[in-house]
1. Taking only DSSP H segments of four or more residues, each worth -39500 (n - 2.57), what value at 222 nm results for the chain once the sum is divided by all its residues, to the nearest 500 deg cm²/dmol?
2. So, taking all protein chains as they sit and a 1.4 Å probe, how much accessible area belongs to PHE18, in Å² rounded to tens?
3. Determine how large the accessible area of ARG66 is when every protein chain is in place; take a 1.4 Å probe and give Å² rounded to the nearest 10.
4. For a quick check of understanding: with a 1.4 angstrom probe and all protein chains in place, what accessible area in square angstrom does ARG55 have, to the nearest ten?
5. As I understand it, the value is the acute angle between the Cα axis of helix 79-94 and the longest principal axis of the Cα atoms of the chain; what does it come to in degrees, rounded to 10?
6. At 1.4 Å probe radius, can you tell me the per residue accessible area of the chain in Å²?
7. I'd like the carbon and sulfur percentage of the solvent accessible area for the chain, probe radius 1.4 Å, heavy atoms only, ligands and nucleic acids excluded.
8. What angle, in degrees between 0 and 90 and rounded to the nearest 10, separates the Cα long axis of helix 59-69 from the longest principal axis of the Cα atoms of the chain?
Amino acid sequence: MTGPGTPKSASGKSTQAFRTIGELATETGLPQHVLRYWETKFGQLRPLTRAGNRRYYRPEDVALVRRINTLLNEQGYTVRGVQKLLAAEIRSVLAPVADPHAELRVIRDWLAEALATDED
């Protein structure tokens with residue numbers, strides 16, 4: 001369901017549409033075999049597969065491919081370096097909060113303040 005205001009990619013497809021490996025390869029300028037190789041090296045890159053092993057890349061996968069491409073081909077990272085960087089980011093996102101009650105109090109106070117400001 002895409003409407004008139006839905007952003008489109010260079011291919012004319014909605015940015016939220018799934019991409020085949022051929023479409024993604026064309027959009028990024030990367031060969032298909034490189035995308036398949038990256039799937040083996042980066043566990044975070046997991047396109048949906050359908051009958052006949054057809055790959056469908058979700059918008060998150062497309063963003064990850066673009067990021068990996070930038071890190072490898074523009075910023076000079078190695079495959080191992082990108083693997084470490086992505087793993088560190090996941091660890092930081094999943095890291096436990098030191099005091100969850102304190103964090104929740106801060107959020108509660110912030111929301112109460114926002115509501116008070118909204119009522120004025």
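1. Working: 5 runs with 65 residues, N = 120.
Rounded to the nearest 500, the figure is -17000 deg cm²/dmol.
2. For PHE18, the solvent-accessible surface is approximately 80 Å².
3. Using a 1.4 Å probe on the heavy atoms, I get roughly 100 Å².
4. So the heavy atoms of ARG55 present about 60 Å² to solvent.
5. 30
6. Working: 8560 Å² over 120 residues.
On a per-residue basis, 71 Å².
7. Numbers: 4810 of 8560 Å².
Using a 1.4 Å probe with all protein chains present, the chain comes out at 56 percent carbon and sulfur.
8. 70
The values are calculated or read from the model by the stated rules, or taken from the named source; none is laboratory data. Only a predicted model underlies this, so the values are computations on that prediction, with no experimental measurement involved. Note: accessible area is taken over every heavy atom of the protein model, side chains too, but ligands, DNA and RNA are not part of it. Shrake-Rupley method; radii C 1.70, N 1.55, O 1.52, S 1.80 Å.
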